[in-house]
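Down below is the structure, laid out as structure tokens.
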Amino acid sequence: DTSSWELGVPNGFSIKDSNNTAWVTKLDGDHSNNERSFIDGPCFDFTNLTRPMIIMDVWADMLEGSDGAALQYSTNSGITWETIGEIGDGINWYNRGSISGNPGQQAINQYGWSYQDSNWVEVRHDLDMLIGEPQVRLRVAFGSDATSANEGIAIDNIQIRERSRIALIEYFTNSSDANSKQDDDVIDNFIFKN
């Protein structure tokens, strides 16, 4: 299929940033209709990571529901690809399912980013499903249908690193109240699972 991905300074009508080089679905205009494309990253070793995450900046100018982009991984040299996350996971993660452009040729759900914005948005997601994997490939897949006439998506500042935040949960209950025992069990189970 046709690929409009280019590496350079975005200079479109909507996606325009003279200060940054980024991966963009067409540097100076609209992406291709009926496009199924991706940018493929290098091979990563996750064997020594314990709390991996990905952070990247996204600038979207997509016809919602028609165009979309998704982050995917492969642990078998690109033979199969799995989409990372679902709607509402992580921070600023996917906003849409059932995208007709089907980014990454997903068998079900067709999750991804499918919206318009006027600037860079930082997105974050854990990569816990990849802990211990020695050979991981990541890609940003893009898909559009015949109705689209937008610029697509730009990706910049990609980081893979360990999560460093620690959550603190503080709660108080009454030890002489029978209902407090129930609440204690709920909190204890939550902490144990997370």
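Mind counting the residues in the range 99-111 that are on the phi > 0 side of the Ramachandran plot and either more than 14 Å from the chain's Cα centre (by Cα) or without any contact (Cβ under 8 Å) to a residue 40 or more places away in the chain (or both)?
Here the count works out to 3.
If Phe142 passes every condition in (1) out of contact with any Lys or Arg (no Cβ under 9 Å at 6 or more places or on another chain); (2) surrounded by 15 or more Cβ atoms within 10 Å (Cβ to Cβ); (3) part of a strand (DSSP E or B) but one, which one does it miss?
(1)
Out of curiosity, is Gly68 touching a Gly at 6+ places or on another chain (Cβ under 6 Å) and within 20 Å of Asn157 (Cβ to Cβ)?
no
Which numbered condition trips up Gly101, out of (1) part of a loop (DSSP other than H, G, I, E, B); (2) in contact with a strand residue (DSSP E or B) (Cβ under 7 Å, 6 or more places away or on another chain); (3) surrounded by fewer than 21 Cβ atoms within 10 Å (Cβ to Cβ)?
(3)
For the condition modelled with pLDDT of 95 or more and in contact with a Leu (Cβ under 8 Å, 6 or more places away or on another chain), what is the one hit in Gly8, Gly112, Gly41?
Gly8
Does Phe38 qualify as being of a type in the set (A, V, I, L, M, F, W, C), closer than 19 Å to Asn102 by Cβ and open to solvent by 20 Å² or more (accessible area, probe 1.4 Å)?
Answer is yes for this residue.
Filter the range 115-139 down to residues that are outside any strand (DSSP E or B) and charged (D, E, K, R) and give me whichever is modelled with the lowest pLDDT.
It comes out as Asp117.
Looking at the range 51-98, which of its residues are touching a residue at least 24 places away in the same chain (Cβ under 8 Å), part of a loop (DSSP other than H, G, I, E, B) and of a type in the set (Val, Ile, Thr)?
Listed by number, the residues that qualify are Thr75, Ile84, Ile87.
Report yes if Leu27 is over 16 Å from the mean Cα position of the chain (by Cα), closer than 20 Å to Ser4 by Cβ and among the aliphatic types (A, V, I, L, M), otherwise no.
yes
Could you check, for the range 151-174, whether at least one of its residues is modelled with pLDDT of 85 or more, buried (at least 16 other Cβ atoms within 10 Å of the Cβ) and either in a loop (DSSP other than H, G, I, E, B) or in contact with a His (Cβ under 6 Å, 6 or more places away or on another chain) (or both)?
yes
The values are calculated or read from the model by the stated rules, or taken from the named source; none is laboratory data. Given the structure is predicted, the values throughout are model-derived calculations rather than measurements. Every residue, glycine among them, receives a Cβ derived from its backbone with ideal geometry; neighbour counts consider all protein chains shown. Just so you know, the surface numbers come from the protein's heavy atoms only, side chains and all, with ligands and any DNA or RNA stripped out. Shrake-Rupley method; radii C 1.70, N 1.55, O 1.52, S 1.80 Å.
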